[in-house]
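Here is the structure we will look at, set down as structure tokens.
The values are calculated or read from the model by the stated rules, or taken from the named source; none is laboratory data. Nothing here was measured: the structure is a model prediction, and the numbers come from that model. Here the Cβ is made from the backbone with ideal geometry for all residues, glycine too, and neighbour counts use every protein chain on show. Heads up: the accessible areas ignore ligands, DNA and RNA and are worked out on the full protein's heavy atoms, side chains in. Shrake-Rupley method; radii C 1.70, N 1.55, O 1.52, S 1.80 Å.
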Amino acid sequence: MDMKHRNSVMPFAIVTFIYFIVGFLTTVNEQLQAPLKFTFLAEAGNLKNTLTTSISFFFFLGYLVNGSLASKWVNAVGYKNTIVRGLMFMIAGLVLYLCSSWFGYRYPDQAFHFEQATIPYGFLIFVVGSYLMGTAAAIIQVVVNPYVASYETGQDTTCTALKYHDCY
């Protein structure tokens, strides 16, 4: 019986690293709220806490709105291409984070006013980046588990849960 054995360590390491990135960026999103409140929302008045909470709201709105997008993409373009698309969303979100800080630094007076609150445009750019990061996390998390489960490890695929002890 001639079976091709593939090295399953590298794909597993890559997927584990991708999970680490998603978890890290989710945590960083929460950690950025206090500095953003201080930096961007110094003149937001009574809306400071509401606007700070909108960062998490838009992050998880990306999950809600775009969670099913990943399953459609898996059927259309496959696991790997869908993961790449999710990573592209993540990169776009990170670029918007960078743009928000650049815009806030370069144009600190560019803002819109809502009642007594002054909300800088850099903050709005950050919120859009947060939405893209949530979308990326949803896409990657939806795709990675089935991708790992479908990856061939080179073991006999005739083994089932009923006779698992006979497989090894």
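Within region 116-137, the set of residues being in a helix (DSSP H, G or I) and open to solvent by less than 30 Å² (accessible area, probe 1.4 Å) comprises Gly122, Phe123, Phe126, Val127, Gly129, Ser130, Met133, Gly134, Thr135, Ala136, Ala137. Residue count for region 34-50, restricted to those that are open to solvent by 30 Å² or more (accessible area, probe 1.4 Å) and either assigned to a helix (DSSP H, G or I) or of a type in the set (Val, Ile, Thr) (or both): 11. Summed over region 94-115, the residues that are part of a strand (DSSP E or B) and either crowded, with 18+ Cβ neighbours inside 10 Å or among the polar types (S, T, N, Q) (or both) give a count of 1.
Listed residues Ile91, Ile83; which is open to solvent by 80 Å² or more (accessible area, probe 1.4 Å), β-branched (Val, Ile, Thr), outside any loop (DSSP other than H, G, I, E, B) and farther than 18 Å from Ala34 by Cα? Matching residue, one of Ile91, Ile83: Ile91.
With the structure loaded, tell me whether Gly67 is within 30 Å of Tyr107 (Cα to Cα), under 17 Å from the mean Cα position of the chain (by Cα) and surrounded by 12 or more Cβ atoms within 10 Å (Cβ to Cβ) or whether it fails that test. Spelling it out, it is not the case that Gly67 is within 30 Å of Tyr107 (Cα to Cα), under 17 Å from the mean Cα position of the chain (by Cα) and surrounded by 12 or more Cβ atoms within 10 Å (Cβ to Cβ).
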